[in-house]
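For reference, the structure is listed below as structure tokens.
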Amino acid sequence: MLKKTSHFMREANFIGGAWVGADTGATIDVVNPATRQTIGTVPKCGRAETRRAIKAAEEAFHSWKKTSANDRAKLLRKLHDAIMDNQEALAELLVMEQGKPLAEARGEVGMSAAYVLWYAEEGRRTYGDVVPSPWADRRILVTKEPVGVIGAITPWNFPSSMLARKLGPALAAGCTAVAKPASQTPYSGLAWGVLAEEAGFPAGVVNIVTGSASEIGDELTENPLVRKITFTGSTEVGKTLIRKSAGTVKKVSMELGGNAPFLVFDDADLERAVAGAVAAKYRNSGQTCVCTNRFFVQEGVYDRFVEKLVEATERLKVGSGLEEGTQQGPLIDEKAVEKVEELVADAAEKGGKVVAGGKRHSLGGTFFEPTVIAEASPEMRFMQEEIFGPVSPIFRFNNEEEAVRLANDTAFGLACYFYTADLGRAFRVMEGLRYGLIGVNEGIITTVEAPFGGLKESGLGKEGGHQGIEDYLDTKYVCIGGLGL
Ligand code: ADP
């Protein structure tokens, strides 16, 4: 049934099937980054409320894990339909708190539904094994079971789909969940409570808590009832969560920071490379962990690539996400703009040439001009740091070996992209790049069917694909003896 945006905008937490406030009554303001206006508040919960949510999830787990995969699939299909029936309202809510263009928000909500549908099906295929036994009178079974209560912590850049990637496989596997959305974008997270309730999930299967990140995080990581932590966010916070989860030896999956390189070789289709560059750089105003952080362009096409990327960058329409035709919304907050300003200033000091944009946008607030910096060099900060904003630094390279070496010269290993028309080179470069996601002549590659996840300090585990449900399952080995054979 169609609902209004306001129907999904809950100013309460969802614990054990009830909508509740913080014990202290404290709240956090939620601000629309395009207007800087407060659009509402959400509860500022801490350890006590989180503990109750975990208890509710644990109680619900005992019966939820016994439901059949088919019954869980049915509920997940209802959840999918509830999302798609309300795609417009959910997309508007997302724009209001996050700032991205409405078209991108619709895409994100559609992606959320797609993850739910995919895992509705994958949950029916969590096969175990019957292993040929080394003993004549014994049999060996390997079974898969849900890990139990999971804690999910998600960021503000994809406040809907990052939860879909976690709740989809968790619920399909038979786990129950306590989720903590980012404080900047809590409504798209709380909307999952509304949707789960309306789809008919039993109380306690999905719980959503907002508030103090460190208090909620500490309870989720230290409470022995939580058997798995799944996190998407910065590498720094991810490392803290891994450390804290060690105390109770929880499973962890981590989708952390990236530093995506985008390589353009002399033989590339330049038009295609520029179109891919715009998509891989400026989506969500550069605020995604798979956004290009560093462009490396071969000497022979460097000047032409810079010229074309500048043209495309200057054409981008900056504005409020709800305005028709907007391609670039505001950055999430003032801190994000300051970081981008610092990185641009650092590059300019070290010889970088600002050839497009470079400063705050005349719209004010947290709008920033889409920016291109030519003559980037390895001593600039964005060689190692994530920009998380609409800035394209372009480095030069001479040969393939140098390009791969520069691309790999980072602690991160999430996404990378390269453009070439040479098949041999495509394989050599693909095999040389130490990244979990590789786009060859493609700038946008995320899809529910494929495993998303980083190498090195970009994370642990995969989301999406048939792999994405594995982290929510325990493997058990059962030996049955005394068969009298
Ligand atoms: P970003 O830089 O994208 O904001 P963060 O890693 O800071 O990424 O935030 C991602 C998520 O992690 C958010 O939900 C945030 O509230 C949460 N978070 C931040 N600090 C902690 C912490 N110490 N413990 C648990 N969660 C945290």
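The values are calculated or read from the model by the stated rules, or taken from the named source; none is laboratory data. Fair warning: this is a prediction, and the values are worked out from it, not measured in the lab. Here the Cβ is made from the backbone with ideal geometry for all residues, glycine too, and neighbour counts use every protein chain on show. Accessible surface areas use protein heavy atoms only, side chains included; no ligands, DNA or RNA. Shrake-Rupley method; radii C 1.70, N 1.55, O 1.52, S 1.80 Å.
Here are a few things to note about the model shown:
- The set of residues in the range 219-237 that are touching a Ser or Thr at 6+ places or on another chain (Cβ under 9 Å), under 18 Å from PHE158 (Cβ atoms) and either part of a helix (DSSP H, G or I) or within 11 Å of the ligand (Cβ to nearest atom) (or both) comprises PHE231, THR232, GLY233, THR235.
- Only strands (runs of 3 or more DSSP E) whose full extent lies in the range 131-212 are considered here, and the ones with at least 2 residues that are more than 14 Å from the ligand (Cβ to nearest atom) and among the basic types (Lys, Arg) are 139-146.
- Pairing each residue of the range 432-460 that is hydroxyl-bearing (Ser, Thr, Tyr) with any residue that is crowded, with 17+ Cβ neighbours inside 10 Å and outside any strand (DSSP E or B), provided the two are 6+ apart or on different chains, yields C-beta distances under 7 Å for TYR435/LEU414; THR446/VAL290; SER458/LEU256; SER458/GLY257; SER458/GLY258; SER458/LEU414; SER458/GLY436.
- ILE28 vs. criteria modelled with pLDDT of 95 or more, hydrophobic (A, V, I, L, M, F, W, C) and not in a helix (DSSP H, G or I): yes
- Which numbered condition GLU215 misses (of (1) more than 9 Å from the ligand (Cβ to nearest atom); (2) crowded, with 17+ Cβ neighbours inside 10 Å): (1)
- Selection count where residues are over 21 Å from ALA421 (Cα atoms) and of a type in the set (Phe, Trp, Tyr), scope the range 261-309: 1
- Condition check for THR240: away from the ligand (no atom under 12 Å from the Cβ) and either at positive phi or open to solvent by 30 Å² or more (accessible area, probe 1.4 Å) (or both): no
- Residue check for VAL249: out of contact with any Asp or Glu (no Cβ under 9 Å at 6 or more places or on another chain) and more than 16 Å from the ligand (Cβ to nearest atom): yes
- Tally of residues being buried (at least 20 other Cβ atoms within 10 Å of the Cβ) and over 13 Å from LEU167 (Cβ atoms) across the range 123-132: 1
- In a residue-by-residue description of the range 201-209, the property of being open to solvent by 10 Å² or more (accessible area, probe 1.4 Å), under 22 Å from TYR472 (Cβ atoms) and without any contact (Cβ under 8 Å) to a residue 60 or more places away in the chain applies to no position.
- When GLU236 is tested against the conditions (1) out of contact with any Lys or Arg (no Cβ under 7 Å at 6 or more places or on another chain); (2) touching a residue at least 40 places away in the same chain (Cβ under 8 Å), the lone failure is (2).
- Residue check for LEU171: over 30 Å from GLU145 (Cβ atoms), buried (at least 24 other Cβ atoms within 10 Å of the Cβ) and not polar (S, T, N, Q): no
- Residue within the range 90-105 that is surrounded by 17 or more Cβ atoms within 10 Å (Cβ to Cβ), farther than 25 Å from SER212 by Cα and without any contact (Cβ under 8 Å) to a residue 40 or more places away in the chain present: yes
- None of ALA103, ALA91, ALA120 is among the hydrophobic types (A, V, I, L, M, F, W, C) and under 18 Å from LYS166 (Cβ atoms) except ALA120.
- The range 33-79: number of residues that are hydroxyl-bearing (Ser, Thr, Tyr) and either part of a helix (DSSP H, G or I) or at positive phi (or both): 2
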